[in-house]
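Notes follow the structure.
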Amino acid sequence: MNHTWPISTVSEAARARITTARVAAAYGVPPLERTRLAAALSARLRQCLTKGGSWQFVLTVAAGSLRVEVSPSPADGERPWCVTAPCPEPAAGPVCDAVAGDATALSEALLGADEDTALVLERLAEQEELVAFHREELHQTNQGVLALHAELDAAGRAQREAFAAERAARREAEDGRRRLTFLADASAALTASLNHEEIARLLPELLVPEYARTADVWLFDAEDERVSSVPRAAAAVIAARTGRPQYAAADPGGLPGVDDQPPSALHPGRSLLCVPLPTRSAPLGVVTLTPPGERWNPDDAVMLVELTRRAGGALDNARRFEHNRDIAETLQRALLTDLPTTPGLRLAARYLPATYGLNIGGDWYDAFRQPDGSLITVIGDVTGHGLHAAVMMSQLRTALRAYAVDGGSPGELLTRLHMFLHHLQPDLYATAVIARFQPGEPVLTWAAAGHPPPVLRGPDGRVRTLDAKPGAMLGIPLHQEIADHTVPLEPGSTLALYTDGLVERRAQGIDPGIERLAAELGKFRAEELDADLDGSAERILEPMLSDSERDDDVCLLLCHMDGQAGSHADSRARPGS
């Protein structure tokens, strides 16, 4: 089917529009598509009429498709306008063209257009309802999305807050662990020393610069002294008098357990934390600190107060120890003998207490005359340290002097001491060496009981160790008769008696130390020993103790025979002391 006619007037355009609608309806084009086709054609025809001129309208139905084409007539190079619509079914009968001025055809066309419009409006109403439904659904979805976003945002905030709280808790735990570690390490360092001056020096080194910019330790010289010749901050004086920590600054510190005070007149621009060094009775002093930054963290302040409390305890223990040590040393030295003056024989002794503990032990030396004029020299070592060892050393010293009144050789005296100690203190042992110098006889008689052997220097400088078989230790549960040994003694000879603290080293044993002692004694010239025996004893100790930890007492007794002839005759002229 094909319809063609020119269009130059409104009637011709209406005819084309009506004919297109009839053909589309006859061939079963759906109303909605038909309406779209008619509306598109009407719009194009209005454009053509507006432009003016003559136009050619062509309507073609073929192969299940309806095609409408509008083009200029004659063709002037402009491309034709066309639109197509599917024809699902063939026409039921012949389709008449609309004739211009045909009122019936025009009415039918208008009614058909109204029907199509009504159908379109109905479809539009359905679509509006569908759109309204979907709009409501979309609104509900949007509300849900907004609610979900709000929940997600709240969850995100809660998660961020939880993460922040976790970081803060972890940081706080790490800070707490750091404070506890520092407190433990610093406490161990403070309590490791028994010297109060060293503790007072160490405390600022521990605190500066991490926990304080400056640290001043004010120690009271006497227990009741609270006034210093050096100007002190008022807060430090208040802390000394009250025993409570004080904080002096322009603004309150709010530190737990610390009293607030006005800023110090001595340091108006600084914040001061003045903490007393407490003891069982009264403070030993005050530590004045300035903060490393603007002010202290309250937890740091609590840790500083606790550390200062521990430092006070360490200082108190150190002072008590030093007091007891002084008493012990006084007692120890009171028990040691003033060496007798003997013509032809000079004595020099050195006693050094151990540098650890109460510095009181069982090392001892003695020198005295027997009734026959012989000079007894002895050096010994009671096992153990402390007052018990010192008391036993004193009892052995007294017992030896009592036994020597009855005479007896060095071996006999040691045998009696052995029995005495075994019956008096079965669980205590001792070692000793006794050497006897007899006037007018160039012979040395000696005996040893479990003690390092004496070292003898001859007048020619050669040194020998008197290592004849000694007896066992004094006090062991064993019956023994300790033997005497003799050795020629020439003028100018020097005998060295000593305890194991001088020669024994843990990593080397005792033999290398004895060899070193012999070597040091052999370095002296006879003139040096004659002129200054005390100085010689001091010069022996210096190299011998250079590698010692001084964890044991040290005793050294030098017995020097003068090198001048006739010294023994002078000795015979003086009876016992």
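Taken together, the values in this text are just the output of simple stated rules run on the coordinates, not laboratory data. No experiment lies behind these values; they were computed from the predicted model shown. FYI the Cβ positions are ideal-geometry reconstructions off the backbone, even for glycines, and counts take in every protein chain you see.
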**Message:** As a test, work out the antiparallel percent of DSSP beta bridges whose residues both lie in the chain, rounded to the nearest 5.
**Reply:** 95 percent
**Fill in**
re region 196-330: pairs of Cα atoms spaced beyond 19 Å account for a percent value of 47 percent
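How high is the relative contact order of region 377-447, in percent, counting Cα pairs under 8 Å that sit 6 or more residues apart?
40 percent
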**Request:** About the Cα centre of the chain, how large is the charge dipole given +1 on each Lys and Arg Cβ and -1 on each Asp and Glu Cβ? Please answer in debye to the nearest 20.
**Result:** 560 debye
**Message:** Where in the chain is the longest stretch that carries no trypsin sites (Lys or Arg not before Pro) classed as loop by DSSP and with at most 10 other Cβ atoms within 10 Å?
**Reply:** 1-279
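Any number yet on Rg/Rh for region 2-101, C-alpha, Kirkwood?
Rounded to two decimals, Rg over Rh is 0.96.
How high is the relative contact order of the chain, given as a whole-number percent (alpha carbon pairs under 8 Å, six or more residues apart)?
10 percent
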**Complete:** Quick shape check on region 137-256: root eigenvalues a ≥ b ≥ c of the Cα gyration tensor, a/c under 1.5 is rounded, otherwise prolate if a/b tops b/c, else oblate, and it reads prolate
**Prompt:** What range in the chain is the longest one free of GluC sites (Glu not before Pro) that are in a loop by DSSP and have at most 16 other Cβ atoms within 10 angstrom?
**Reply:** 295-480
**Prompt:** When only C-alpha pairs under 8 Å and at least 6 residues apart count, what is the relative contact order of region 2-101, in percent?
**Reply:** 37 percent
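With r defined as the distance between the Cβ atoms of THR117 and ALA147 and R0 fixed at 45 Å, what FRET efficiency is calculated, to the nearest 0.05?
After rounding to 0.05, the efficiency reads 0.55.
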**Item:** Helix-only [θ]222 nm of the chain, DSSP H runs n ≥ 4, -39500 (n - 2.57) each, per residue, nearest 500
**Value:** -15500 deg cm²/dmol
**Message:** Based only on Cα atoms, what mean projected area does the convex hull of region 336-572 have, in nm²?
**Reply:** 11.8 nm²
**Request:** Treat every Asp and Glu Cβ in region 2-101 as -1 and every Lys and Arg Cβ as +1, leave all other atoms uncharged, and give the resulting dipole magnitude about the Cα centre to the nearest 20 debye.
**Result:** 240 debye
**Asked** Between ARG369 and residues 5 or more places away or on another chain, which pairs have amide H atoms under 5 Å apart, with H built 1.01 Å from N, and which residues are they?
**Response** ILE376, SER577
**Request:** Can you tell me how much longer the chain between ASP76 and SER546 gets when fully stretched, taken as 0.36 nm per residue apart minus their C-alpha distance, in nm with one decimal?
**Result:** 156.5 nm
**Fill in**
Both in Å, the radius of gyration and Dmax of the C-alpha trace of the chain are 60.6, 184
**Request:** Could I have the simple spin-label model distance between ARG401 and VAL208, label points 7 Å from Cα toward Cβ, reported in nm to one decimal?
**Result:** 5.4 nm
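Rounded to the nearest 0.05, what FRET efficiency do VAL131 and ALA168 give with R0 = 41 Å and r taken as the Cβ-Cβ distance? Could you check?
In this case the efficiency is close to 0.20.
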**Message:** Can you give me the angle between helix 410-424 and the longest principal axis of the chain, using Cα atoms only, in degrees from 0 to 90, rounded to the nearest 10?
**Reply:** 50 degrees
